[in-house]
Amino acid sequence: MRLVMDGVPPEPPSLVEPEKSGNAASEERDARVAWFRHARYGLFIHWGLYAGPAGSWKGVEYPEIGEWIMKWASIPVAEYRELAAQFRGDRFDAEEIVSFARRAGMRYIVITTKHHDGFSLFHSQVSAFNAVDASPAGRDFIRELANACHAAGMPLGFYYSQSQDWTHPGGAVVRDEYWDEAQRGDFDAYLSEIAEPQVRELLTNYGPVALIWFDTPVHMSDERATRFVNLVRELQPNCLINGRLREDRAGFDYSSMRDNQAPDRGAGHAWETPATLNDTWGYKANDHNWKSADTVSFKLVDIVSKGGNYLLNIGPRADGSVPEASAEILTKVGDWLLPRGEAIYGAGPTPYGEELSGSGYFETDKHWKYREPQGWRCTTQPGAYYFFLFGDHGAEFSTPGLPGAVVSVDLLTDAGPVALALSAADSGVRFRLPSEGRSVLGDVIRVRFRE
Ligand code: JFZ
């Protein structure tokens, strides 16, 4: 994964606290984010015109993330806009995507309504560069997905590139490195004529919006960011705002980790790791570097045990179909997760911490510090701790101290809980795992106790 923002090594993973954004009272915010903290695992969808070139332009293949192809290949605005004429999306099936997310155990969806290329998947009155007016699809894909999500009770969030916009004059470009004169213009005019009205459209025309996911806050001063915050609070007071609205990356309702990064340990406030399943967000025909299902289950548990959320991406092809490999991996994780869901959804962070030391990770082209699924993690519910054992962990495990007398110890299997024999350990319990009912995606042991 390349850090496209700058040429210097990234900072170590860290969380920027929401409090720093001078945000509303924290009780109000806590109430707003309650559903989000419960959900823990979401589906990110990067879909747009860039899925057509799929990583190559005029015979040249670009190694970087696919949705940035316009910049990598310095494609002039007029030429890029022509891609819309081939955008049909005839295999895009919103209901299928929602049932897929469910099946995969994901509890919210976030889709790119407009990425940096400026093309919107929704019908807009302020720009004709959208799927209804500019493409033969003639469909408002956001309306379709919103309808399907609302029918299924699936929270839907909107990714919206508020700052970077490479095809509307005045939209920001990283480091002001414009590659076409047509991109130049007045940034504040772009904000008031395109970005703010489009955010208004998104928050007015599609029913309840669970969250809005702003990104790459180039030139996003506090004053400019505040205009977006006010718009969101005015139109949909319950809509969450992520941590990439403002230049300083201060979180609003929750904080956003840098892409594919997790911190060493948790924090009191809500946070989220956005992550790719291969090395791109937007579809690339030749990127087959998929993370395995056990890597995904490990990262999910690692993140949840630190109090965070995992937002994991798929990049549909230009026709709207989901690459089979990503569907397969996410379904495998769902098969493991759903019978063990009580250990993830609404679960609290680890009461320990010793198991986390040095566990932060990030993936970039400069650094590769990635944790193999290993060791143990813990999540909690009232009256129960869940111990997740990863990798080649052996058949015996002793827990650290527990807060009350143990009532039962069960291995959560695909077929349900199986009671384990136990003996007292130093301060917790010691148990032996049976050879049946184990999973390569991680064994989960529920320890119930009386407080
Ligand atoms: C941004 C986008 O540019 C990218 O295309 C994708 O949508 C991703 C989810 O977000 O990329 C970023 C944003 C922030 C960092 C790195 C890449 N970061 O903070 O390290």
Here is a list: 205, 230. Which entry is away from the ligand (no atom under 16 Å from the Cβ), open to solvent by 10 Å² or more (accessible area, probe 1.4 Å) and either touching a Leu at 6+ places or on another chain (Cβ under 8 Å) or under 25 Å from residue 151 (Cβ atoms) (or both)? 205
For segment 405-440, which positions are small (Gly, Ala, Ser) and either open to solvent by less than 90 Å² (accessible area, probe 1.4 Å) or in a strand (DSSP E or B) (or both)? 405, 408, 416, 419, 421, 423, 424, 425, 427, 428, 437, 439
All-but-one check, residue 175 against (1) surrounded by 20 or more Cβ atoms within 10 Å (Cβ to Cβ); (2) within 16 Å of the ligand (Cβ to nearest atom), failing number (1)
Tally up the residues in segment 248-278 that are within 12 Å of the ligand (Cβ to nearest atom) and modelled with pLDDT of 80 or more, please. 7
Please list, ordered by first then second residue, the pairs with beta carbon atoms under 6 Å, 6 or more apart or interchain, first in segment 62-87 and away from the ligand (no atom under 12 Å from the Cβ), second open to solvent by 10 Å² or more (accessible area, probe 1.4 Å) and charged (D, E, K, R). 76/180; 77/180
Among the candidates 195, 182, residue that is open to solvent by less than 30 Å² (accessible area, probe 1.4 Å) and part of a helix (DSSP H, G or I): 195
Scan 141, 214, 129, 122 and give me the residue that is touching a strand residue (DSSP E or B) at 6+ places or on another chain (Cβ under 6 Å) and of a type in the set (A, V, I, L, M, F, W, C). 122
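When the residues of segment 105-121 are filtered to those that are in a strand (DSSP E or B) and touching a helix residue (DSSP H, G or I) at 6+ places or on another chain (Cβ under 9 Å), which remaining residue is nearest to the ligand (Cβ to nearest atom)?
Of segment 105-121, the ones in a strand (DSSP E or B) are 108-114, 120.
From the residues that got through so far, the ones that are touching a helix residue (DSSP H, G or I) at 6+ places or on another chain (Cβ under 9 Å) too are 108-109, 111-114, 120.
On the way: 108: 15, 109: 14, 111: 11, 112: 7, 113: 12, 114: 11, 120: 15 Å.
Ranking the candidates gives 112 first.
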Candidates 126, 132 - the one that is free of Cβ contacts under 8 Å to residues at least 40 places away in the same chain and either assigned to a loop (DSSP other than H, G, I, E, B) or buried (at least 18 other Cβ atoms within 10 Å of the Cβ) (or both): 132
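The values are calculated or read from the model by the stated rules, or taken from the named source; none is laboratory data. As the structure is a computational prediction, the values presented were derived from the model and not from experiment. All Cβ positions, glycine included, derive from the backbone under ideal geometry; neighbour counts span all protein chains shown. Side chains included, ligands, DNA and RNA excluded: accessible areas come from the protein's heavy atoms. Shrake-Rupley method; radii C 1.70, N 1.55, O 1.52, S 1.80 Å.
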